[in-house]
1. How would you order 93-105, 195-207, 278-290 from highest to lowest mean count of nearby Cβ atoms within 10 Å?
2. Between Ala170 and Asp135, what is the spin-label point distance in nm, taking each point 7 Å from the Cα along the Cα→C-beta axis?
3. Subtract the Cα-Cα distance of His99 and Ala258 from 0.36 nm times their separation in residues, and report this length gain in nm to one decimal.
4. Rounded to the nearest percent, how much of the accessible area of the chain (1.4 Å probe, protein heavy atoms only) is carbon and sulfur?
5. Per residue, how big is the convex hull around the C-alpha atoms of the chain? Give it to me in cubic angstrom, could you?
6. Counting Lys and Arg as +1 and Asp and Glu as -1, what is the net charge of the other residues whose Cβ lies under 10 Å from the Cβ of Leu52?
7. Length gain on complete extension for the stretch Arg204 to Arg85, per 0.36 nm per residue less the alpha carbon to alpha carbon distance?
8. Going through the cross-link list Lys4/Lys115; Lys154/Lys253; Lys148/Lys190; Lys4/Lys154; Lys55/Lys115; Lys4/Lys67, which pairs have a Cα-Cα distance over 23 Å in this structure?
Amino acid sequence: MRVKYQHHCVADLAWALSSPAILRYQNTACHWFADAWYLEQYRQLDSTLHLLDRKPAELQNLLSAQKDQRLGNYFETLWAYALQRSPRYQLIERNLQFHAGERTIGEMDFIVLDKASGRNAHWELAIKFYLGVGDTVNQYAWYGPGKKDRLDLKVDHLLNRQTVLSHHPAVRDELAQRGIVIDDCAVILKGRLFYPWQQRGQERHPEAANPAHPLGHWLSRDQFERAFGADARFQPLIRSGWMSRNPIDGLSKAYTVAGLMRLVEQGACRLPLHVAQLEGESEVERLFIVDDNWPPSET
């Protein structure tokens, strides 16, 4: 998907729809959509996206009105907006919580009606960015930048807790009161995997990785300062640009290695830092720069 959109939120919406998933499981009770399915959702809304790019206020207002401004909720809101305009799917419920007395049993991200089949599905959505440490074939070797999240734990939570929520008797009863029966479930897990710098060109993909998943590389501050020359340029991705690329006004938002490290020293940025490597106004690669002591000690 290489269409350029004038407004960043529209480009993010297109990315949310069209980008390949990180993982692709088969023969599981829950469905993991293929790349072709994602591209079809994007193509079906192609004219809507172009109209929206001319008049983006509706989407912009929807996003700015969200109380939760974290990336995961932003990603969900983009998908909710798309489903409300989908010719095939209808969003029935979003973030529906279930309780047993005063105890919260869980929450379903989306309940979606497939108008083609007449079946209701529970969809779980997530956007994640993981850095591989050590033997990256193992899912437990993939950590979030803040080291508070791990790929294998996320997959386990998705497969064994979140997507089986509809099996709980109290959940079935509450859904029945709403006239809803869950027939299927699906997982949408997108984002990017960052491989160790030394694996460039020889990346060792984790178990169940989608062959087409978006990828980048991570390197320590010391590696970063030694790896690039004085002419290399980078754009820090702090509040946006994690999905689709940020617009570049010439090179006004691009920094040299030394300039980027000055931002870190001044406190304008902090490590781990997500950056885009640029050549002119083209994005070459996504990188994560981490502290020299970043790799989690338990590995």
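The values are calculated or read from the model by the stated rules, or taken from the named source; none is laboratory data. Bear in mind that the values here come from a model prediction, so they are computed numbers and not experimental data. Here the Cβ is made from the backbone with ideal geometry for all residues, glycine too, and neighbour counts use every protein chain on show. Areas reflect the complete protein model, heavy atoms only, side chains present, ligands, DNA and RNA absent. Shrake-Rupley method; radii C 1.70, N 1.55, O 1.52, S 1.80 Å.
1. In decreasing order of mean packing, 93-105, 195-207, 278-290 become 278-290, 195-207, 93-105.
2. Inter-label distance under the simple model: 4.1 nm.
3. Details: separation 159, 0.36 × 159 = 57.24 nm, distance 5.29 nm.
Answer, rounded to one decimal: 51.9 nm.
4. Values: 6900 of 15010 Å².
Of the solvent-accessible surface of the chain, carbon and sulfur hold 46 percent.
5. 156
6. On the way: positive: Arg54, Lys55, Arg85; negative: Asp53, Glu58.
So the environment of Leu52 carries a net charge of +1.
7. Taking Arg204 through Arg85 to full extension adds about 39.0 nm, to one decimal.
8. Correct reply: Lys4/Lys115; Lys154/Lys253; Lys4/Lys154; Lys55/Lys115; Lys4/Lys67.
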